[in-house]
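These notes concern the structure reproduced below.
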Amino acid sequence: MRQASRFNVRSSTKYLVRCFDKDGNLKWEDGFHNIVVTAGLNKLLDATFKSGYVAPLWYIGLKNSSAGVSAADTMASHGGWTEGTPYSNASRPQFLPGTINSGVVDNVSSVAVFDINDTDTIYGGFLVNDDAKGGTSGTLYGAGDFVSPRAVISGDTLEVTTIITQTTA
């Protein structure tokens, strides 16, 4: 009898963030990986194997506190980290994914843009299926942190590229 091969599916999300000053000059760029939380994994399973959601909408948010991310985090309860809203956009910028290819989808062709209108420190970001700026509703897919927090000031613009990868190992 032949033994079946075992493969583990791994989800990985990487955020690449570029900060430009009011004159369009690059101030800094950084990146981080995100933890896919249990609610996010459940949403993937539901959409893929149960309900088959059609074109769900996802949004990118900013973290402005240092508390880490855990698998149990949800938008309603996330262990002490808070959402940063130092931007003039009326809502969280939408994640607009391009073509899915080789287990990867990203928003390289349509990066999320935050128009910064306040001084703040950004610790990382997250992906959620609700656009309410500062809101606690929706399904949190995942969140992550920079190695070191990054400062922004009024007049800056943040461009966030999000790359989601599914691989087998």
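The values are calculated or read from the model by the stated rules, or taken from the named source; none is laboratory data. The structure presented is a predicted model; accordingly, all values stated were derived computationally and were not measured. Counting neighbours? That spans all protein chains shown, and the Cβs are built from the backbone with ideal geometry, glycine included.
Side notes on the structure shown:
So that you can scan it fast, the table gives a plain yes or no per residue for (1) exposed (fewer than 12 other Cβ atoms within 10 Å of the Cβ); (2) within 23 Å of THR161 (Cβ to Cβ); (3) in contact (Cβ under 8 Å) with a residue 12 or more places away in the chain:
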residue: ASN25; (1), (2), (3): yes, yes, no
residue: LYS43; (1), (2), (3): no, yes, yes
residue: ILE60; (1), (2), (3): no, yes, yes
residue: ASN64; (1), (2), (3): no, yes, yes
residue: VAL69; (1), (2), (3): no, yes, yes
residue: SER77; (1), (2), (3): yes, no, no
residue: PRO97; (1), (2), (3): no, yes, yes
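- Of the residues making up segment 113-136, one or more are crowded, with 18+ Cβ neighbours inside 10 Å and either without any contact (Cβ under 8 Å) to a residue 12 or more places away in the chain or among the small types (Gly, Ala, Ser) (or both).
- Residues (of a type outside the set (Ser, Thr, Tyr), more than 18 Å from LEU16 (Cβ to Cβ) and in a loop (DSSP other than H, G, I, E, B)) located in segment 139-162: ILE153, GLY155
- In segment 16-65, the residues that are aliphatic (A, V, I, L, M), under 16 Å from HIS78 (Cβ atoms) and part of a helix (DSSP H, G or I): ALA39, LEU41
- Subset of segment 79-91 (residues that are in contact (Cβ under 8 Å) with a residue 40 or more places away in the chain and either closer than 17 Å to VAL17 by Cβ or aromatic (Phe, Trp, Tyr) (or both)): TRP81, GLU83, THR85, PRO86, TYR87, ASN89
- Some residue of segment 127-138 being closer than 20 Å to LEU57 by Cβ and outside any loop (DSSP other than H, G, I, E, B): yes
- When residues of segment 23-60 are limited to those that are over 20 Å from the mean Cα position of the chain (by Cα) and of a type in the set (Lys, Arg), the one modelled with the highest pLDDT: LYS27
- The single residue among GLY103, GLY144 that is modelled with pLDDT under 95 and either crowded, with 18+ Cβ neighbours inside 10 Å or under 12 Å from the mean Cα position of the chain (by Cα) (or both) turns out to be GLY144.
- Here ARG92 passes the criteria (1) in a strand (DSSP E or B); (2) surrounded by 21 or more Cβ atoms within 10 Å (Cβ to Cβ) except the one numbered (1).
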